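Participant: Below is the structure I would like to discuss, written out as structure tokens.
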Amino acid sequence: MREGEGQPVAALVEYDGTEYAGFQLQKRGRTIQGELEEGLQKIMGQAVRVMAAGRTDAGVHAKGQVVHLRAPWRHSLAALRRAWNANLPQDIAIRAVSAVPPDFHARFSARSRVYRYRIYNARVRSPLLHRYTWHVDQELDVERMEAATRALLGRHDLASFGRAPQGENTVRTVLAADWRTHGRQVSMTMEADAFLQHMVRRVVATLVAVGLGRLSVEEFSGIIEARDPRQAAGLAPPNGLCLMAVRYDPGVLNWSLPTSELWQKENCLE
């Protein structure tokens, strides 16, 4: 078979992004896409391109990334998952593989995405949590952060928090956004129809400024309305961010946890 031919397949991918220069192929540095495609080439004997639901940044993790491909594979999909995992590094795993309709696209068929950002809020850092949390050593007022977060819900122009991956449309619908506290760990889970580049990391950095008393709840709302990225409070570190799930129409892919169950999970590692 030539590249691009074969059975349309989607895969659910989990990875620790610490050692990678992001998902997308780059001229320099290891990438998640590069490792996935190298593993496929080893088992299929030819180049196979994978396309992702979201191009996570360097250092960002995923629990529920979705990719699609056309697989020149004549065995079962369970055998494909086993063979693919056997040819991937330990920090990347294929959790599930499923046949999909020919017009399925991991990115453009998605109805929403769910991200989680984790903070370790303690005076002394935790080396065991360093890869997966942003260490903030000053006490955060999570109630103030929750109050400010409510301004994000609904459909808004969120240009203050990022650029559109393509085109100039920066209007997005935030379907849910919630803060949870678990011991010294604080996490925000956000679901939206689509995300701007660096959107969650800019939102979190600005909400942390609210939690530290550097911005008021009203000033946070003003930043949304300003549609000016210069007013956001910088960029939170990538290691605290995890792509938890990508949602599709019922019956297309049913891997995503129901919203109520996903919101009960305390962190990316569960």
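The values are calculated or read from the model by the stated rules, or taken from the named source; none is laboratory data. What you see is a predicted model, and the numbers here were worked out from it, not measured in a lab. No Cβ is skipped: glycine too gets one built from the backbone with ideal geometry, and neighbour counts run over all protein chains shown.
Participant: Report, by residue number, each residue of region 94-118 that is surrounded by fewer than 19 Cβ atoms within 10 Å (Cβ to Cβ) and over 24 Å from Glu35 (Cβ atoms).
Facilitator: Within region 94-118, Pro101, Pro102, Asp103, Arg111 meet the criteria.
Participant: Looking at (1) of a type outside the set (D, E, K, R); (2) out of contact with any strand residue (DSSP E or B) (no Cβ under 7 Å at 6 or more places or on another chain); (3) surrounded by 21 or more Cβ atoms within 10 Å (Cβ to Cβ); (4) not in a loop (DSSP other than H, G, I, E, B), find the lone condition where Gly34 falls short.
Facilitator: (3)
Participant: Is there any pair with a first residue in region 139-154 that is among the polar types (S, T, N, Q) and a second that is in a helix (DSSP H, G or I) whose Cβ atoms are under 8 Å apart and which are 6 or more apart or on different chains, and what are they?
Facilitator: Going by the 8 Å Cβ cut-off, the qualifying pairs are Thr149/Leu207.
Participant: Moving on. Any idea which residue in region 6-23 is nearest to Ala47 (Cα to Cα), counting only those that are at pLDDT 95 or above and outside any strand (DSSP E or B)?
Facilitator: Checking each candidate, the answer is Phe23.
For (1) without any contact (Cβ under 8 Å) to a residue 40 or more places away in the chain; (2) under 18 Å from the mean Cα position of the chain (by Cα); (3) in a helix (DSSP H, G or I), each residue gets a yes or a no:
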position: Gly29; (1), (2), (3): yes, no, no
position: Glu38; (1), (2), (3): no, no, yes
position: Lys42; (1), (2), (3): no, no, yes
position: Lys63; (1), (2), (3): no, yes, no
position: His68; (1), (2), (3): no, yes, no
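Participant: Being exposed (fewer than 15 other Cβ atoms within 10 Å of the Cβ) and either within 20 Å of His61 (Cβ to Cβ) or modelled with pLDDT of 95 or more (or both) narrows it down to one of Gly213, Gly251, Gly234, Gly240, so name that one.
Facilitator: Details: Gly251 fails: either within 20 Å of His61 (Cβ to Cβ) or modelled with pLDDT of 95 or more (or both); Gly234 fails: either within 20 Å of His61 (Cβ to Cβ) or modelled with pLDDT of 95 or more (or both); Gly240 fails: exposed (fewer than 15 other Cβ atoms within 10 Å of the Cβ).
When all the criteria are applied, what remains is Gly213.
Participant: From the list Trp84, Trp73, pick out the single residue that is at pLDDT 95 or above, over 21 Å from Ser221 (Cα atoms) and either surrounded by fewer than 20 Cβ atoms within 10 Å (Cβ to Cβ) or in the same structural domain as Tyr15 (by TED's automatic domain parsing) (or both). Give the derivation first.
Facilitator: Numbers: Trp73 fails: at pLDDT 95 or above.
Result: Trp84 is the single residue among Trp84, Trp73 that is at pLDDT 95 or above, over 21 Å from Ser221 (Cα atoms) and either surrounded by fewer than 20 Cβ atoms within 10 Å (Cβ to Cβ) or in the same structural domain as Tyr15 (by TED's automatic domain parsing) (or both).
Participant: Just the residues that are surrounded by 15 or more Cβ atoms within 10 Å (Cβ to Cβ) and farther than 21 Å from Gly234 by Cα, please, taken from region 154-177. Let's see the steps before the verdict.
Facilitator: Taking region 154-177 as the starting set, the residues that turn out to be surrounded by 15 or more Cβ atoms within 10 Å (Cβ to Cβ) are 156, 158-162, 164, 170, 172, 174-177.
Correct list: Leu175, Ala176.
Participant: What are the pairs, 6+ residues apart or on separate chains, where a residue within region 113-136 that is assigned to a loop (DSSP other than H, G, I, E, B) has its Cβ under 6 Å from a residue that is small (Gly, Ala, Ser)?
Facilitator: Within 6 Å, the pairs are Thr133/Gly240.
Participant: I've got another one for you. In region 74-109, what residues are assigned to a loop (DSSP other than H, G, I, E, B) and more than 26 Å from Arg30 (Cα to Cα)?
Facilitator: Arg74, His75, Ser76, Val100, Pro101, Pro102, Asp103, Phe104, Ser109
Participant: Select from region 1-31 the residues that are of a type in the set (Gly, Ala, Ser) and surrounded by 14 or more Cβ atoms within 10 Å (Cβ to Cβ) and write down the one among them that is farthest from Gly64 (Cα to Cα).
Facilitator: Residues of region 1-31 that are of a type in the set (Gly, Ala, Ser), as a first pass: 4, 6, 10-11, 17, 21-22, 29.
From what's left, surrounded by 14 or more Cβ atoms within 10 Å (Cβ to Cβ): 6, 10-11, 17, 21-22.
On the way: Gly6: 24, Ala10: 12, Ala11: 10, Gly17: 13, Ala21: 18, Gly22: 15 Å.
That would be Gly6.
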